Amino acid sequence: MQRYDPATIEPKWQKIWADSRLYEVGEDSQRTKIYATPMLPYPSGSGLHVGHVRNYSIADTVARYHRQLGSNVMSNIGWDSFGLPAENYAIKTGTPPWETTEQNIRQFKKQLKRLGISYDWSREINTSDPAYYKWTQWIFTKLFEAGLAYQAESWQWWCPECKTVLANEQVVGGCCWRHEDTAVIKKRTKQWFFKITNYAEVLLDEIDNLAWPQSIKAMQRNWIGKSTGAELVFKVDGHDLIIPVFTTRPDTVFGATFLVLAPEHEAVVQLTAPEQKTEVEAYVAEAMRHSDVERQDEARPKSGVFTGSYALNPANHAKVPIWVADYVLMGYGTGAIMAVPGHDKRDFAFAQQFELPVQFVVEAETKEQIYEGEGKLKNSGQYDGLDTPAAREAIVADLSQADLAAEKVNYKIRDWLISRQRYWGAPIPIIHCAECGAVAVPEADLPVELPQIKNFAPTGKGTSVLADQADWVKVKCPKCGGDARRETDTMDGYACSSWYMLRYTDPHNSAAAWDPQKANYWLPVDYYFGGDHAVSHLLYFRFWNHFFADQGWIDQDKAEPVKRLVYNGYINAADGSKMSKSKGNVVDPLEVIDSGYGADALRLFELFIGPYDQDVSWNPSGVPGTYRFLQRVWKLVDAFLGSADEEPKEVDNQAELATRLLSATHKAIKKVTEDLQRFSFNTAIAAQMELVNTMNALKKELPMNNPAWRQALELELILLAPFAPHISEELWQAMGKDGSIHVDTWPQWDAQLVKEELLTIVVQVNGRVRANLSVAAGTDMDHVIKQAMAEPNVKKHLTAQPSKTVTVPDKLINFVV
Ligand code: ANZ
Ligand code: ZN
Ligand code: ZN
């Protein structure tokens, strides 16, 4: 055979696999289906680096393993290609985003193809393709018809220079990302939202059933942020106004000594007494400059201002002052709180700062101290002596008689803001008519195509450039036929990536987003691979899929589309810093492949580098190492093939040596199988390295024309195939095997051959036998010594710490005292 040369065998097999459509699949009810797919990549201008390749290697290894098990495996790739970077690049260079996107996709494709990933390329999708976003828009119209897409005014960051709304990520240190000296302000603007809050309860409930990393499940729970409490109503003294507050502690209402409104609260203006006006206005203006994150920072000194008005505590009718302070957020509860400084730290800090009264209403172990726990009520009239949980119920029940209280569940999650005043996104399929209001574009008129324009720079009017395309904007109302105008905002890219798992199941359907039969066959995704997103994408697609199930477009038991999330760690640069093009420290997979090591050695190292879920640093000498391992496999097979014509050699203990070879091989089958099932790729590879070492040692004793060699080598190639698909296929063929190694080949181990051998170790103290120890062959010596010292009869004779411990591996331990 030739020497191992990845540069010739890899392209060869990539072509054969593509020509024979080895990885293309259809529905097949006879076989177990496995849907294994990585997260949809954004085709950035910098291409893939070896950090990304980790994700694709993991995904492909799992997909290949299941294909070898005989399952009907679908693994996909596509492009999440709308988004800001392409548009910003267009503003800078004049190259239109559809061109840069196409170039970037070409680069990504080339890289992935040269890695030999087993995608069903016939199912490739692209979110900026009108054939795809037609259906993103169609889903929008269905959400709109269901009342789950709506337009509303809300507070958003606004740059007075750019005259546009900015995303949170575009606000840097309180200033605009493009105007570093211009402070951004909050402005009320009309935006589109998806009503994800309607699904808060379902999305929370279902988290328990997901085989996802605990940390991500916890983040989703916190993000949804369910809290159970009550809304209490405070009447304003001398006004017709009422102020509802949300509280988780209605039991503490007798301790509510003041109210606090968020600066944005609509009652602030009315409640502000004339003499307080200047101060309140100044405070409100200042508060607008701080983000919610800042405002919730407990270490930040409290600030606030008195409105000059008073409210009546609904429980004891006490007159309590109404303040405005930015630690109360408008977006949560009612935007107003009853402050109970005796039992809430934030309120306590505020009361101290402004010398407001503190009333303790729950017995605490330490007297007259802020106490947030449960206990018995005091200073609470008829409720004194009740335990706080019982008091909560009683107080809410009693106040509800007078319509001053109601039980209430609150969620932290907000509706999903999806409108963007940007060009490079899917146009929101809405037509505004003076007569009919907002009307969805009918299915027959979809897609609303993004017009190809020349000038991408923001208009400065706070609208997308689409607003300046008069011909495009002007349209007839689909309802009344009158003059109307198109919505000019585009959709957040997260909308596009919220349903692509369904599109993969039926990617070329031009009559529907997908065929429910196909989607139901493939869903749920059995393995979803990624190392990015915690909430956002991972919550949005869950929301959409529940909606799809509610519409009957997929079965209810597919409402959770991702069963298992395999979340990989990052690969950093060799010095531990983050890999990024701007730092110039990225390692290009093509460079590694082209330097002669090939894709197999690279893929193998990507998985060997450490436990898949941990962050690691790139090691430049890693790939040469895995390459040498592959070379050893190559040489073993080469030696085997070369031995065919040799005269059979006579060796006394052939049978025993053959058993040793097969036993080592079957132990590796067991180990690799179990490791693959728990995603322990690095140890699965280590086990194969060990097996190859054992083979190399046995090669000197056991002639290669012994039939055990063919068995053992074939089995090792099968184990190697999910990790290093090209070399294993090449050697499989070289050994005369028919068909691809990648389909339906995974072996069972022979229970007899993997049985652990037990050894008897003689334990001596000062040369006299004190015990016989039975241990599994290969047990670590330190461990055996510990076990020996714990033997009662050994313990008895070990009068002191041994000064010396003599060992004969697999046979004897002698402690010298
Ligand atoms: C009175 C009270 C007494 C409270 C007490 C707590 C302890 P979670 O668990 O996060 O839901 N709150 C309500 N709306 C708020 C807003 N818009 N901005 C800031 N804080 C707000 O917390 C609910 C508690 O957070 C509510 O219960 C309220 O303070 C405060 F001994 O009301 B509590
Ligand atoms: Zn700006
Ligand atoms: Zn109309």
Practice item. Please give the peptides 274-284, 521-531 ranked by average Cβ packing (other Cβ atoms within 10 Å per residue), highest first, as a rough proxy for protection. Key: 521-531, 274-284
Check your understanding: So what's the back-of-envelope 222 nm ellipticity for the chain, counting only DSSP H runs of four-plus at -39500 (n - 2.57) apiece and dividing by all residues, rounded to 500?
Key -> -11000 deg cm²/dmol
Check your understanding: If the limit is 30 Å between Cα atoms, which of K92/K583; K378/K408; K110/K581; K186/K581; K15/K134; K15/K558 go over it?
Key -> K186/K581; K15/K134; K15/K558
**Study point:** In order through the range 32-46: 3J(HN,Hα) via Karplus (6.51 cos²θ - 1.76 cosθ + 1.60), integer Hz, x for Gly, Pro
**Key:** 5, 8, 10, 10, 10, 8, x, 4, 4, x, 8, x, 6, x, 8
Review point. Using alpha carbons only, what's the Rg to Rh ratio of the chain with Rh from Kirkwood?
Key: 1.07
Practice item. Quick one: check the C-alpha center-to-center distance for the range 265-300 versus the range 562-585, whole angstrom. Key: 42 Å
Check your understanding: How many angstrom lie between the C-alpha centres of the range 62-131 and the range 155-202?
Key -> 30 Å
Exercise for review: Kindly put H533, H317 in sequence by how many other C-beta atoms sit within 10 Å of each C-beta, fewest to most.
Suggested key: H317, H533
Revision key, fill the gap. Of the listed links K190/K461; K109/K563; K671/K755; K670/K786; K667/K737; K667/K755, those spanning more than 19 angstrom between alpha carbons are K109/K563; K670/K786; K667/K737
Check your understanding: Rg and Dmax of the range 226-411, Cα atoms, in Å?
Key -> 15.8, 45
**Study point:** HN-Hα J in Hz across the range 322-336 - Karplus 6.51, -1.76, 1.60, θ = phi - 60°, x for Gly and Pro
**Key:** 9, 10, 10, 8, 7, 6, 8, 9, 6, x, 10, x, 10, x, 9
Review point. Label E365 and K110 with points 7 Å out from Cα along Cα→Cβ: what is the distance between them in nm?
Key: 6.9 nm
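Quick one: pull the percentage of alpha-carbon pairs in the range 758-816 with a separation above 16 Å.
I get 31 percent for the Cα pairs in the range 758-816 exceeding 16 Å.
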**Study point:** Relative contact order (%) - criterion: Cα under 8 Å, at least six apart; region: the chain
**Key:** 15 percent
Revision key, fill the gap. Heads up, the range 79-134 by the C-alpha gyration tensor (a ≥ b ≥ c square roots of eigenvalues; a/c under 1.5 rounded, else a/b over b/c prolate, else oblate) looks oblate
Check your understanding: Using the alpha-carbon centroid of each, what span in Å lies between the range 427-465 and the range 735-790?
Key -> 69 Å
**Study point:** Two-decimal log10 I(q)/I(0) for the range 684-749, as the Debye equation yields it once each C-alpha is a single scatterer, q = 0.11, 0.14, 0.17 Å⁻¹
**Key:** -0.26, -0.42, -0.62
Point to revise | Nonlocal amide H pairs with K408, under 5 Å, H built at 1.01 Å | key: G229, A230, E231
Review point. Taking a temperature of 10 °C and a viscosity of 1.306 mPa s, what whole-number D in µm²/s does Stokes-Einstein yield for the range 584-731 with Rh from Kirkwood over alpha carbon pairs?
Key: 97 µm²/s
Practice item. Could you tell me what percent of the DSSP beta bridges with both partners in the chain are antiparallel, to the nearest 5? Key: 75 percent
Study note, to complete from the structure: For K187, counting only aspartates and glutamates whose alpha-carbon sits under 14 Å away and dropping same-chain residues fewer than eight positions off, the answer is E153, E161, E264, E286
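Throughout, read-outs are computed from the coordinates displayed, never taken from laboratory work. Not measured: the values here are computed from a predicted model. For neighbour counting, all protein chains shown are included, and Cβ atoms are generated from backbone atoms with ideal geometry for every residue, glycine included.
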